[in-house]
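> Sharing a structure, written as structure tokens. Questions coming.
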Amino acid sequence: MNHLNCLPQDGVFWGQHILQGAVTRLGEHGIHRPMTFTVEPLSKLFQDCVQPNLKQSVGSFMALPAHVPDVAVQGGLEACLRAGAESIVALGGGSVLDAAKAVSHRHHETTGRYLPIAALPTTLSGSEFSHYFGITETDGPEKFKRSYAVRETVPKVVVIDPVLLVDTPRALLLSSAVKGMDHAVEGMRKVTREHPHAIMAASGLNRFLSILQKWPQAMQTREALDKGRVTPDDLLQLQLAAWQCYFSPASVIYGLSHRIGHILGGTFGLPHSATSCITLAPVIRACADFYGDKLEIFGAPSGQADAATPLADRIAGVVISLGLPNRIGAFDLDKAKLPEVARLLKQNYPNEVADLGSNASARLDALLESLW
């Protein structure tokens, strides 16, 4: 039986030049006495476009490192409790949004009440549409990013405006788009080609690729806009692609590319979005038999027996053309740590490792070696 699980999200607002007006009306969606979660590089955006329009604000919290360490979650929770915050405005990328969800969850554990979230996303992974988040546990012998799925933490309202992306660092912005495509592809693990996820994700992935394939090299977004190399509508199309790729997160379960990313990021500190640049295309190839003909939804060439290879090639080609890292060895991680990465994957994510098929353990070892 086909089934679509829906999340309690009140509204998504999108378009050019809508941010300030939308922020003014957040109270209509239950965003009262908000604490703003953001990071220092976004201070100007916050001060220019958000803070002057935010009603009943009780302050801001910026001590939010990447990968959402548990100590930052505790700090954010304490800031909300001290200020009497009744909601959170999350201005930032995936880590800021994950932190907001984690604090809302911990607030419920502490007080019995979730903090509703308004999301103002500055990257393209699509976290603003989901109830998934991760918290990196730091008190054990090794750090581990634990995943959560709490329906009540999905942002109640999302505002999408190209201005949110203009000053996002190039590598972060473009790698987060690859993370968005990762959601599209791995979302196919447990659904059919007729599922709404498949239909929307196919549109989103192709929308991503159509923009990214013409993206200028080695140029920050603001400069590219000033020189006419990209347009505000290009940015909006990327934002809409992220939404389409993550259109029904409650109905899908993500796979090995995401799980490798959780270990490389949460435990070993690689940038979260960059991990999909390394893992997505190789995992598509390695798990081709598991996905079978499902991947044809993304547009396999006519007469092509294998849908995985051309899809992986398209994604890998974009990663290379954008100058994004596509090997673990590009980061400060000792190759001798690969067996530890494999151990953590086999221990914590056996179902996703099993997507590799027969002799999955040895195939995982070989896959990680090839990613180096």
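> Considering only region 105-150, give the strands (runs of 3 or more DSSP E) lying wholly within it that have at least 3 residues that are among the hydrophobic types (A, V, I, L, M, F, W, C). Walk me through it before giving the result.
Numbers: elements: 117-121, 132-137, 144-149.
Qualifying strands (runs of 3 or more DSSP E): 117-121.
> Then there is this: Sort through S176, S210, S251, S203 and tell me the only one that's among the hydroxyl-bearing types (S, T, Y) and without any contact (Cβ under 8 Å) to a residue 40 or more places away in the chain. Reasoning before the result, please.
Working: S176 fails: without any contact (Cβ under 8 Å) to a residue 40 or more places away in the chain; S251 fails: without any contact (Cβ under 8 Å) to a residue 40 or more places away in the chain; S203 fails: without any contact (Cβ under 8 Å) to a residue 40 or more places away in the chain.
Result: S210 is the single residue among S176, S210, S251, S203 that is among the hydroxyl-bearing types (S, T, Y) and without any contact (Cβ under 8 Å) to a residue 40 or more places away in the chain.
> Of everything in region 219-259 that's of a type in the set (S, T, N, Q) and open to solvent by 30 Å² or more (accessible area, probe 1.4 Å), which residue is nearest to N2 (Cα to Cα)?
At the first step, the residues of region 219-259 found to be of a type in the set (S, T, N, Q) are 220-221, 231, 237, 239, 244, 248, 251, 257.
Checking the rest, the ones that are also open to solvent by 30 Å² or more (accessible area, probe 1.4 Å) come to 220, 231, 237.
Numbers: Q220: 43, T231: 39, Q237: 29 Å.
Only one residue tops the list, namely Q237.
> May I pose another question? Identify the residue in region 153-165 that is part of a helix (DSSP H, G or I) and open to solvent by less than 10 Å² (accessible area, probe 1.4 Å) and, among all such residues, is farthest from A330 (Cα to Cα).
T153
> To continue, here is another question. Residue by residue through region 63-90, note down the ones that are open to solvent by less than 60 Å² (accessible area, probe 1.4 Å), without any contact (Cβ under 8 Å) to a residue 60 or more places away in the chain and under 24 Å from L124 (Cβ atoms).
L64, A72, G76, I88 - these are the residues of region 63-90 that are open to solvent by less than 60 Å² (accessible area, probe 1.4 Å), without any contact (Cβ under 8 Å) to a residue 60 or more places away in the chain and under 24 Å from L124 (Cβ atoms).
> So for region 265-282 (the condition being open to solvent by 10 Å² or more (accessible area, probe 1.4 Å) and free of Cβ contacts under 8 Å to residues at least 40 places away in the same chain), does at least one residue qualify?
No; the residues of region 265-282 include none that is open to solvent by 10 Å² or more (accessible area, probe 1.4 Å) and free of Cβ contacts under 8 Å to residues at least 40 places away in the same chain.
> Can you report the number of residues in region 28-38 which are surrounded by fewer than 16 Cβ atoms within 10 Å (Cβ to Cβ) and either touching a Leu at 6+ places or on another chain (Cβ under 9 Å) or at negative phi (or both)?
Taking region 28-38 and keeping what is surrounded by fewer than 16 Cβ atoms within 10 Å (Cβ to Cβ), we get 28, 30, 32.
Next cut, either touching a Leu at 6+ places or on another chain (Cβ under 9 Å) or at negative phi (or both) only: 28, 32.
Number satisfying all stated conditions: 2.
> Can you tell me which residue within region 292-351, out of those that are in a loop (DSSP other than H, G, I, E, B), under 29 Å from E194 (Cβ atoms) and within 24 Å of the chain's Cα centre (by Cα), is modelled with the highest pLDDT? First the steps, then the outcome.
Of the residues in region 292-351, the ones in a loop (DSSP other than H, G, I, E, B) are 299-307, 322-327, 331-334, 349.
Imposing the further condition that a residue be under 29 Å from E194 (Cβ atoms) reduces the set to 299-307, 349.
After this cut, where a residue has to be within 24 Å of the chain's Cα centre (by Cα) as well, the list is 299, 349.
Details: G299: 87, Y349: 96.
The residue in question is Y349.
> Next question, about the same structure. Please work out if R363 is at pLDDT 95 or above, touching a helix residue (DSSP H, G or I) at 6+ places or on another chain (Cβ under 9 Å) and open to solvent by 20 Å² or more (accessible area, probe 1.4 Å). Break it down into steps so the answer makes sense when it comes.
Working: at pLDDT 95 or above: yes; touching a helix residue (DSSP H, G or I) at 6+ places or on another chain (Cβ under 9 Å): yes; open to solvent by 20 Å² or more (accessible area, probe 1.4 Å): yes.
Taking the combined requirement at face value, the residue satisfies it.
> So, in region 102-144, of the ones that are closer than 26 Å to V163 by Cβ and among the β-branched types (V, I, T), which residue ends up surrounded by the most Cβ atoms within 10 Å (Cβ to Cβ)?
V103
> For region 313-355, name all the residues that are hydroxyl-bearing (S, T, Y) and farther than 26 Å from L212 by Cβ.
In the first step, residues of region 313-355 are kept if they are hydroxyl-bearing (S, T, Y); the result is 321, 349.
Residue satisfying the conditions is Y349 alone.
> Which one is farthest from K145 (Cα to Cα), of the residues in region 316-353 that are among the small types (G, A, S) and surrounded by 16 or more Cβ atoms within 10 Å (Cβ to Cβ)?
Of region 316-353, the ones among the small types (G, A, S) are 316-317, 321, 323, 329-330, 336, 342.
Filter once more, so that each one left must be surrounded by 16 or more Cβ atoms within 10 Å (Cβ to Cβ): 316, 342.
Values: A316: 26, A342: 15 Å.
If we take residues in region 316-353 being among the small types (G, A, S) and surrounded by 16 or more Cβ atoms within 10 Å (Cβ to Cβ), then A316 is farthest from K145 (Cα to Cα).
> Check L172, L205 and return the single one that is out of contact with any His (no Cβ under 7 Å at 6 or more places or on another chain), open to solvent by 50 Å² or more (accessible area, probe 1.4 Å) and of a type in the set (A, V, I, L, M). Write out each step before concluding.
On the way: L205 fails: open to solvent by 50 Å² or more (accessible area, probe 1.4 Å).
Just one listed residue meets the conditions, L172.
> Same structure again: Quick check: is even one residue across region 177-193 basic (K, R), over 22 Å from H67 (Cβ atoms) and open to solvent by less than 50 Å² (accessible area, probe 1.4 Å)? If you could, list the steps in order and put the result at the bottom.
Start the filter on region 177-193 by keeping residues that are basic (K, R), which leaves 179, 189-190, 193.
Still in the list and also over 22 Å from H67 (Cβ atoms): 189-190, 193.
Applying the additional criterion that residues be open to solvent by less than 50 Å² (accessible area, probe 1.4 Å) yields 189.
Within region 177-193, one or more residues are basic (K, R), over 22 Å from H67 (Cβ atoms) and open to solvent by less than 50 Å² (accessible area, probe 1.4 Å).
The values are calculated or read from the model by the stated rules, or taken from the named source; none is laboratory data. Keep in mind it's a predicted model, so treat the numbers as computed, not measured. Methodologically, a virtual Cβ is constructed for each residue, glycine included, from the backbone with ideal geometry; neighbour enumeration extends over all protein chains shown. Side chains are part of the model used for accessible areas, which takes the heavy atoms of the whole protein and leaves out ligands, DNA and RNA. Shrake-Rupley method; radii C 1.70, N 1.55, O 1.52, S 1.80 Å.
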